[in-house]
Structure formats: structure tokens, C-alpha cells
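Notes follow once the structure below has been shown.
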Amino acid sequence: MAFPHRLDAPELPDFSMLKRLARDQLIYLLEQLPGKKDLFIEADLMSPLDRIANVSILKQHEVDKLYKVENKPVLSSNEQLCFLVRPRIKNMRYIASLVNADKVAGRTRKYKVIFSPQKFYACEMVLEEEGIYGDVSCDEWAFSLLPLDVDLLSMELPEFFRDYFLEGDQRWINTVAQALHLLSTLYGPFPNCYGIGRCAKMAYELWRKLEEEEDGETKGRRPEIGHIFLLDRDVDFVTALCSQVVYEGLVDDTFRIKCGSVDFGPEVTSSDKSLKVLLNAEDKVFHEIRNEHFSNVFGFLSQKARNLQAQYDRRRGMDIKQMKNFVSQELKGLKQEHRLLSLHIGACESIMKKKTKQDFQELIKTEHALLEGFNIRESTSYIEEHIDRQGSPIESLRLMCLLSITENGLIPKDYRSLKTQYLQSYGPEHLLTFSNLRRAGLLTEQGPGDTLTAVESKVSKLVTDKAAGKITDAFSSLAKRSNFRAISKKLNLIPRVDGEYDLKVPRDMAYVFSGAYVPLSCRIIEQVLERRSWQGLDEVVRLLNCGDFAFTDMTKEDKASSESLRLILVVFLGGCTFSEISALRFLGREKGYRFIFLTTAVTNSARLMEAMSEVKA
Amino acid sequence: MDCYTANWNPLGDSAFYRKYELYSMDWDLKEELRDCLVAAAPYGGPIALLRNPWRKEKAASVRPVLDIYSASGMPLASLLWKSGPVVSLGWSAEEELLCVQEDGAVLVYGLHGDFRRHFSMGNEVLQNRVLDARVFHTEFGSGVAILTGAHRFTLSANVGDLKLRRMPEVPGLQSAPSCWTVLCQDRVAHILLAVGPDLYLLDHAACSAVTLPGLAPGVSSFLQMAVSFTYRHLALFTDTGYIWMGTASLKEKLCEFNCNIRAAPKQMVWCSRPRSKERAVVVAWERRLMVVGDASESIQYKQLTIQVLLDRLVLRRLYPLAIQICEYLRLPEVQGVSRILAHWACYKVQQKDVSDEDVARAINQKLGDTPGVSYSDIAARAYGCGRTELAIKLLEYEPRSGEQVPLLLKMKRSKLALSKAIESGDTDLVFTVLLHLKNELNRGDFFMTLRNQPMALSLYRQFCKHQELETLKDLYNQDDNHQELGSFHIRASYAAEERIEGRVAALQTAADAFYKAKNEFAAKATEDQMRLLRLQRRLEDELGGQFLDLSLHDTVTTLILGGHNKRAEQLARDFRIPDKRLWWLKLTALADLEDWEELEKFSKSKKSPIGYLPFVEICIKQHNKYEAKKYASRVGPEQKVKALLLVGDVAQAADVAIEHRNEAELSLVLSHCTGATDGATADKIQRARAQAQKK
């Protein structure tokens, strides 16, 4: 279990510096408003803020009371109010209503708005339109990179996904470029750059411009990280839509990991209290199971529990001196481990209960069938039944999208009937949800009987080589222009399994989906790193509709050490899942790389679907 | 050497001075200096001379000449004065010559005699004419103070950011003050004036009488006053030949001196060397020069920084020398060479005899992509000289497209600015241009421009979604985007409308839009929603309870749970709820009610389209094994084993599995065999397996 890294695996850079930078900047900003002040924090910023500066640090800098930004009357009697918010128009309206209420009441206070990670002109304009621009002072807290773990940096911008991939709003791209710029200033230039996706390309070009403008800053620095790979979420929706079965992903799907920590409810803690648990490499128990397929986890934990018991039991034969040693040196560690162990065992039990109740196995089976392009009719009926029985609306939506993407659109009849059923089950407002999904390309209708394109007929030849029995299904889906099927074939995403796939000793990244599917995003990264370019992947790139958006940029960098060349920063624009992280960690162990992840936010299928859903106000 | 001190003369008890010629002036003056207005710029800057023919009230038959010399008398410029009578000259800190005319107009020239701009000191000044004027320097820049014919003062503390301030009246002032000066205290400019034996201090709010501490008695008039360059010290010369020296705050006297000369001096100025503790006032009469000194406190002058020195060289167009200095001092390119090249380029664009192409090329050749050079700044200068085309050519060299935007906007090339802003990737910049365009174009053109720029359009839409919903609607209308219009009205039916009638109307508009968009599905779904809403309203009226905004499924469920089975059936028919869904729905609702009788009746109403396993499952879920068993027998063969296991009949499940010879089923049953009770069954399965393998 918990495969050790190869001995020659490179060390990770120290990202805690990012936290210190953010904290120092925040303190500086707070001190710009000397004296006592009340701090209003936007809900979405609370957890990230908590990871940077706790309440006592805020109090040290004369923050008196803390409030959540919400639509409630404000009771603060402080003379100075400070708002820490994301640059959103609704926040501006909130602040304006507050300031204007003060004006009506003839009250004068000082107001300061701190935008994180940056302010937008539109926000200032709203402040002006609301007539309070002159009353507030604005500042920026350029806090865009939160190290959630030793190898995971999150921008904590879940709205990036909807803003960019649904609304076509590019405002966050500059923020990404700034974040990359910060990284290269702190950790040296990246000698090798790769990317795929429209947004990836834009972010990359903006970032390059920034570097050129501030020429000389990174010049001559030794690169610490040898490669950077940027990838748009829409290059691979499929992986993000799959149910997760590695432990960390499953915990995320089940309990929702928020900003690196999770609230375990009473059913997990087996007490009457909920417990907030930080999930990262420092949790030794979690560290060993986070990347494991769930089927191994319980066994591992019980073995661990037995070992722990054995260590406790050693006390029996001890004399007083040994006992003293034991108590002073080992006991605390054992107790800590004990605590963590029982928590994770509790979490496992809870997951197992939930996942069997919902007939998780059936669900996984359907997903696998969709990935492989098998028994499409049966899967469609399964989805329909799921909707008819009013299963979780998000889950139903996810399955519909998975069906659509793997089949390159639903056939018109299914498209209509599934949508009708969905509206009947979950409410007519989802008509808007469907309109969103269509725009984002997540749930579409197949065009009427197009003929095969040249590429597809070429691929279809490959398909016919496939083992008998699978031909018809695969081929018929091809006739419906299924790029996923063709890409899957090209990149060998569905491993040929002879006998049982041994999830205890995985042989490829497919283990994160029970051996059924190699995550497309990770496979692309693997292939490009192997080739150090996109060479030979032209057809895949074309099938991904990324003909113009796949790029490589190598600078001649003699100073790059061989160690740094095995450190790879992967940037997910629009979010990445824990399954992808686990898969790449596995790849890293196999190849002697270390991956560092930078994502706009950690995501999963439910979050993606929620971002697309329209909920009536 | 024996006589180091030979040419030093004593000045008081402890100080000495000497006199020697530093250099001789190169100029060849035709006029007497006394007949000219003279202004020398601070820090050894240029000197301006204007023969003043107006003072003697002679007819101006000959136009006067304005000459500008360097500090050493090298001629820099010479031009005929064609404007009105000048009262006073003065240099600004930026080495711009300010010529104050009698009518209150101030003409600004560069040190090469190039006309820069002019401004007026206001109507009051224009009406009453300028009697006297002073150019003064503060830490914010250079200012102008005017004494008008009406004996009122008007001043501007910074001519770079012109704000005129008319000072309050001095009560009872009938004639011009005998002398006056500008004082600068606490960052505010004041005027100190002497009227007979009285001194007044004017600030922008009030006029107050002031006195000098320790002033000797007997003074009936002040003839001259001088303030030091730093505004810290003040000296006054009285009609008794007495000199008072003190702080400009008028709080302290430093020293006094009686020179016994009662004639008014021509000039009186403070002088002292940098870092010297000695301060002195030099008083000049027609044929006499007197130095009055005191030594106590240190004065420090701000020295010229290297940047200012370079600026001055650049101003004198000594570009190569400036560059050499930069290189010698190893200044970073951005602060040094690049800056000077940029200045050179700005000069270059003013050469109107050279074609746009040549200027642009010459500049690009010399500058290339030197770091720190802003082509947009140079272009701005070109535009300032009226060379728009050259400006656009120069902008093309600007690598940062964002930098091109402000100037393009200024030049009214808004659409080009929009493309450049989009290219820059800076959404804020795009937004700025959009607002500009919105004001500049009519609505139709503005929308049309947006239409061609999807990125800008998305950005603007996002803004409208939150701030200007009506504009959003107009945008969709303009584009005939009926699909989005439909969605817009659907959203409105939830968010904006409260009353059912309003909501239905919004939905009707949405449905019409969807038809236009040829999205029949959405149109029909919307019509269904309208029907459902009306129906829900009626149900609430007739039955009470909550129906509005439930989904169709939940509406039917609610009816069943409330015992309104007929209504439920009717609704299901009206909305064509498929059989399968209806069965799932009824099954769940009746089980929730634990109405087992009704459930059984329902199960027998016709053949279940969803099979009977769900019946078993739901009964077990409600912990009713007895009911579950009723349905287990009706479950079809494929799911029989599952059903039997659910009701706990392991033995029979084993029998069925064996009969089916289904390995998967066998292992499923086996996994349910627990403890001793199922031992026999387990054995049975193992035997069946063994047998199957033999075959």
C-alpha cells in the first residue's frame, strides 16, 4: 500500500512561501485602515482566509468583529468597516446598500473594500453608479494561490468554470497569468511549456507577455520546475463526470472536501459532534490511503488498526523505565494515529453505507458501459429509470451528460424524452439548465445523419480491428460522429483486460476508475511528456477540436538540473478532480516524476453539474 | 602659499567672503539690463530677457525681442514678441518661461523659445489689468501671483494644475502696497504685503494684520522684502535704513542691521551656499552692494538629482551627452538610456518636414525594442503635434497592445481600440473601451460592434445580467437571438414576477420566442409549464396546501398523499405522464402512506411496467416483510433470486439459482449464506457447482 516514491524522485519546492506572502499582504492592507474595524468576509473567502490568517492574527491587526457578507441588516457599530470580497457585482450592491443606509441615517464611517484576488473595472463602475465610489477606498489582495497540500495549489475560483466555459467570460484568464507569473518569479522559469485548449493558450500568452514586460526578474534564475502543462477542462469533460472511486475522490464526492478540509458528521465521528478534518499529506493515515482504490482501503485500515493495537500491547511486558519512555515518546503519536484511524474507518463505513444504498455498483456498471460504448440502450433506460424514480437530480444530469459526450450527442428521440422526463421529475426551470448544458457542449443532440468525415472513416478501420462482439456498438456510435470513442481508441483509454484487474497492484492510471478507463486528461499529459511535444498526436488534437490550441514552447535552458526536469506543474483551467491527481501521482511514481497541481478549483462531477444548473431564486 | 586668505574680506566677526569671477558671459547685449525684464531660472537654468518698451509708456513702434540665453550667456532662442504688454517674466521648475501679460494672460514658452500654451488668470485680472506679478516655486510646482489694478491678489499655486484663487480684500487699501511677496507655509501659499507701517498676511480665507517680533521702532514704511528660496526666512528693508531678518513664520527674529541708507534698494535677495550655516541677505542699490549676514542655523538645499540633471540635458536637446552620462554612471537602461531615447523620439516626431514613414522608421531603427521605451508615449506626442497617422504607425511598434488603447480612444479610433484591448487579454481594458463606445455610438451601432466581437459581447452580457437586465434583452433582440430571449423571459417568470398572471404572461412570451427560435421542444415545455402553473393555482384554491412551483411529479405525488387519487389520475393523463413513471410514483407514494391495501390493489390493476421487484424492495425498505413476500412470488425469473434474498428466503433463492444454473446468482446466494442456519443451503450450492463443473 501507499507506494513509495522512487529514490531518485525530485523534492517538491516549498510552497508555504505563498501563504506567508498572502498573509503579509493582507496584514499590510488591514494596516492601511488603522484603528479598530469590523471585517465583513464573503462566504466563499472564509475557508481560504482561514488557511492564511486565523482569527487571532486578524485581531492583532485591530479587526474587531467578523461578519459574513450576506443579505441581512448589519448591526455593526464600528466606525470603520472593511469588506473582503470577490470582485462580484452583487457584492458591490451589498456594500452600496449598506453605505447608502448609513448616509440616510446621517452616519459617517470609513469603508474599505479589499478585492481578492483583484478588482474589476465593472465593480468600480457599479460603486460609482450606486453613488458611493467616493465614499469607499478600494484595494486588492492579490491572493490567488492557496497551497492546499505539498503538491496542490488551488486558486479557489470555482466560478472560473461557469464564467469561462458557459458564459465565455475571460476575466479570470489574466488572474491565471498573474498566478503563473508569481510562480515563475518565486520558483524560477519553466524551461518547457505545453498546453492544450483555447483558454490554456490565452493564459499562456498573457503570462508570457507579463514575463517580457518584467524582463530580467526571472532571468538567470535556476529553474526549479522543469515543465509546465496547461489544460482546459473542456478538453476532457468525461473524466470529471465519472464517479470517483479512489479514496480522496470518494470522500470528496460523498462529503465534499472544502478548501482542503472536510466536515465529518456524527455518522463518521461516532459521537454527537461534527468534526472538521484537514486532509493533506500531514495526516499520515490519510496520506497512505488517499490515492488507493476504495476496495483496498478498508482492508488496509483494519490491518493498520491491528498493528496499532500490537504497538499498544507492547506495554504489557514493559518495566517502569520502558513504560516512561513509551508514554513520553510514543503514546502521543499512537493516540494521534488512533484518532485519525478511527475517523477514516468511520468515513469508510459511512461511504459504504451510502454507496450500497444507492446501488452504487449498478451506477458504476452503467458508467463503464458508457465509457466503453457498450449497451447504449440499456444505459439509456437506466438513466431514464433514475430520473423517473427521482434519484438525485445532479446525478441524473451527470449521467445524461456522460451519455451525450461519450456518444457525441444524444439521438434526437432520447434527447427529447430524457429532457421531458427530467423536467417532469425535477421541475420545469431546468429548461434553462439544458440550455446551459447545450451551450457548454455537455448535453447535445446529434446532428441528422452526417456522413463520415475522412478522419472518422480512417478511425473506423481501426475500430473494425477490435475484438469481435464490440464491433457493432463501437461502429454504430462512430457513425454518430463520436469523437470520444475515436480518441479513446487512439489513446487506448479502455485497457484490454485479461482476467481480473488487480486494483492492489495497479499497472496503469486506469486503476482510479477500477481499471475500466484511463483518464483522458492524464493520458494526454503522459503522451506529451513522453514525446516532449505534440508530435504524433495531431489526430488526437484534431479530434479534440484543439487544432489551433495545442502548443509547445521549449526554451534552451542549460541550467535546468535533471532533478528539476522531473518536476512537472500541471495547470487545470476549470478545475481538476482528485481522481486525476491520484492518477498523475501514480504516473509520477512509475516514471520518477513529481507532479505539482495548480487548479482554478478542485472539482468533481457534482460541482460541474451544479455550476450548470439553474435554480430558481 | 602664504596668502590663501588674501582675497577674503571679513564679513562681521566670524565670517569672510571673497569675490572672483567664475566665468564671463558669452552674450552680446545690445540693451541695458535695466531696461529689460529679466528672469533667471533656478539651479543655473536659462536666462530670459525681454526689452520692456511698455514700461516707459512709449508707443511700441518696434516690437520687442525675447531672448533666451543659457546661464553662461549662450544664445538659445530669440523671437519677436507679438503679443501684448508683458508685466513679468519667470521660469517654472520645469524650465518653462512664464510671461505674464498686462491682461492677465500667461504665455508659456520652452527654453528653445517654442510656444507651449497659454492660460488666463481670470476675468477679474483681465478687467483690472496686472499691476505686478511674481512667479514662485513650491514643492508642488511653480505658481503665479498677480496684483491687479484694483489692488487685489489672485494666485495659482501650480500652473501645471491651474486653480485660480482670488485672495480676500485688504481692508482700506487704496494704493498699491509698497512691497509684497509670496510665502509658502504648511503647503499653502500666502501673500505678505506692506502698506505704510502695517504688514498684512493674506491666505485664501482671510486677511490678517501681522507684526514682526523685535522690530525696531520708528518704521513708517517697508521698502523691500525678500523671502529665501526655501521659504524659511524673510528679510524686510524699512524706510529707516533698517533691515529685519527672521523666520518666514514671523515668529522669530534672527538678526537686525542698520545700514543707514534710507534709499529704497533696487534688489534684495537671500543668499547662502549649500550646507552652509551662514545665511546672508544681499542688498543692492544703484552703485552699492551690501551683504548682511548671520550665522546660527543650518540650511540645506535639495540638490539636483541625477534624474533632474538628465532632464535638463534632454531639455537642451543634448541627447548624446545625456546618454554618455548614463553610460558612465551605469544607470539601468530603463532609467537612463531608454528614457533619453524616448525623449529624443518625442523631439523627432515634432520635425514636421519629415514624412510620417521616415519618422516612424527612424525612431524604430534607433529604439528597436529597447526595454522601458514606450512607443505609446511617443505616439501620444505625435498625436499632440497633430500627426495622427504617425501616431498610429508608431503604435504599431508598441508590443503591449493594452498600452495602445488609451491613445487610440483619444484619437477616436474606438473600434481599433476595442480590437487592441481584446488582443491584450485585459478584460478591464475591454470594458473601459466598451463604455467609451457605448457613449460614443448610438445604440444600434454599439450593438453591431459588439456583435462582431464575441469576447467583448460575452463580457458586456455578463455585466448586463447583473446590472442592466433591460439592455440584455435589447442585445438579444438586436441579434434576433430568440433562444436566449426565451431563456430570458423564463428567468423573468421566476425572478421578476410575483403574480401568477404575470408569470404566465412571461412564460407565454418565452414560448413565442422559442417558436421563433424553432425550438419546439422548449416552446412546448414552456406551454406545459403554463398549464401546470394555472392548474397548481386551482389546486391550491380548491384543496388548500402547497402546489405552486412543484414539479409535475411532485404535484401528482402530493395529490396521492392527500388522498386525491382521481385528481392524480386526471393530471397524469392530461400531462401524458408515461406509465413507468406513474408506477414508480404511485408505488413510492402508497408505500410512504403505508397504504398496503391500496398498493396491492394497484399492483393488480394491470401488469406492472416496472416489474415487481420494486414492490418487494419498497416494502422491505418500509420494514414490511409480510407485504414484501406477496410480491416476491410475482417477480420475473431474472430477478427472482434477488427478490427472494430480499425477503430472506435464502433456501428458495438457492433453489432458483441452481435451477437457472447461473454462476453469478449462485455466488450471490452464497454470499448471503450466514452462520449455521444456512449451512445446508451453502452445501447444496457447492454441490450444484461441482456438478456443473463436471459437465
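The values are calculated or read from the model by the stated rules, or taken from the named source; none is laboratory data. As the structure is a computational prediction, the values presented were derived from the model and not from experiment. Every residue, glycine among them, receives a Cβ derived from its backbone with ideal geometry; neighbour counts consider all protein chains shown. We work out accessible area using only protein heavy atoms, side chains counted, and drop any ligands, DNA or RNA first. Shrake-Rupley method; radii C 1.70, N 1.55, O 1.52, S 1.80 Å.
Below, the figures for the structure above:
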{"item": "Size-normalised alpha-carbon gyration radius of the stretch A:15-143, reference 2.2 N^0.38 Å", "result": "1.00"}
{"item": "Cα-only Debye scattering, the stretch B:1-208: base-10 log of I(q)/I(0) at q = 0.07, 0.12, 0.13, 0.16 Å⁻¹", "result": "-0.27, -0.72, -0.81, -1.08"}
{"item": "Cβ charges +1 (Lys, Arg) and -1 (Asp, Glu), total dipole of chain B, debye", "result": "840"}
{"item": "Debye, to nearest 20: dipole size of the stretch B:636-694, +1 on Lys, Arg Cβ, -1 on Asp, Glu Cβ", "result": "180"}
{"item": "Whether chain A is rounded, prolate or oblate, judged on the alpha carbon gyration tensor where a/c under 1.5 counts as rounded", "result": "rounded"}
{"item": "Point-charge dipole on Cβ atoms (K/R +1, D/E -1) for the protein assembly as shown, about Cα centre, debye to 20", "result": "940"}
{"item": "Top positive-direction residue, dipole computed over the stretch A:15-143 with Cβ charges, set A:Ala105, A:Ser16, A:Leu33", "result": "A:Ser16"}
{"item": "Inter-probe distance in nm under a simple model that places probes 7 Å from Cα toward Cβ, at B:Glu520 and A:Glu140", "result": "5.2"}
{"item": "Reciprocal of mean inverse Cα separation for chain B (Kirkwood radius, Å)", "result": "35.9"}
{"item": "Percent accessible area from carbon and sulfur atoms, the protein assembly as shown, protein chains only, probe 1.4 Å", "result": "50"}
{"item": "Residue order for B:Asp528, B:Asp186, A:Asp236 - accessible surface, 1.4 angstrom probe, largest first", "result": "B:Asp186, B:Asp528, A:Asp236"}
{"item": "Computed log₁₀ I(q)/I(0) - Debye formula, equal Cα scatterers, no solvent, the stretch A:135-266, q 0.14 Å⁻¹", "result": "-0.81"}
{"item": "Under-5 Å amide H pairs with B:Cys184, H placed in peptide plane, nonlocal only", "result": "B:His190"}
{"item": "Spatial separation of Cα centroids for the stretch A:503-581 and the stretch B:80-107, in angstrom", "result": "71"}
{"item": "Pairs from B:Lys518/B:Lys580; A:Lys354/A:Lys504; A:Lys304/B:Lys625; A:Lys103/B:Lys415 whose Cα-Cα separation, in the structure shown, is over 32 Å", "result": "A:Lys304/B:Lys625; A:Lys103/B:Lys415"}
{"item": "Helix-derived mean residue ellipticity, 222 nm - over the protein assembly as shown, DSSP H n ≥ 4, -39500 (n - 2.57), to 500", "result": "-14000 deg cm²/dmol"}
{"item": "Accessible area (Å², 1.4 Å probe, nearest 10) - B:Lys640", "result": "40"}
{"item": "Accessible surface, 1.4 Å probe, highest first, among residues A:Asp50, A:Asp253", "result": "A:Asp50, A:Asp253"}
{"item": "Part-to-part distance (alpha-carbon centres) for the stretch A:363-431 and the stretch B:633-695, which is given in Å", "result": "33"}
{"item": "Loop-resident sites, the stretch B:63-130, for trypsin sites (Lys or Arg not before Pro), counting at most 14 other Cβ within 10 Å (DSSP)", "result": "B:Lys82"}
{"item": "Alpha carbon centroid spacing (whole Å) that separates the stretch B:469-548 from the stretch A:113-188", "result": "35"}
{"item": "At least 30 Å² accessible surface lost relative to isolated chain, residues of the stretch B:551-566 (1.4 Å probe)", "result": "B:Ser551, B:Leu552, B:His553"}
{"item": "A:Tyr164 accessible area, 1.4 Å probe, all protein chains in place, Å² to nearest 10", "result": "30"}
{"item": "Cα-derived Rg to Rh of the stretch B:636-694, Kirkwood definition", "result": "0.94"}
{"item": "Cut-off 11 Å, label 7 Å out along Cα→Cβ of B:Asn481, residues of the stretch B:488-512 by amide N", "result": "B:488"}
{"item": "List B:Lys518, B:Lys420, ordered by accessible area with a 1.4 Å probe, largest first", "result": "B:Lys518, B:Lys420"}
{"item": "In Hz, Karplus ³J(HN,Hα) per residue of the stretch B:584-601 (6.51, -1.76, 1.60; θ = phi - 60°; x = Gly, Pro)", "result": "4, 5, 5, 3, 5, 5, 5, 5, 4, 6, 6, 8, 5, 5, 4, 4, 5, 4"}
{"item": "For the protein assembly as shown: Kirkwood Rh in Å [reciprocal of mean 1/r, alpha carbons]", "result": "38.8"}
{"item": "Mean projection area, nm², convex hull over Cα of the stretch A:202-261", "result": "6.8"}
{"item": "Extreme residue, positive dipole direction of the stretch B:1-208, given options B:Met25, B:Trp180, B:Pro85 (C-beta unit charges)", "result": "B:Pro85"}
{"item": "Residues of the stretch A:169-194 buried by at least 20 Å² on assembly (accessible area, 1.4 Å probe, chain alone as reference)", "result": "A:Asp169, A:Gln170, A:Arg171, A:Asn174"}
{"item": "Whole-number D in µm²/s for the stretch B:458-524 (Stokes-Einstein; Kirkwood sum over Cα pairs; 10 °C, 1.306 mPa s)", "result": "132"}
{"item": "Accessible area (Å², 1.4 Å probe, nearest 10) - A:Thr185", "result": "40"}
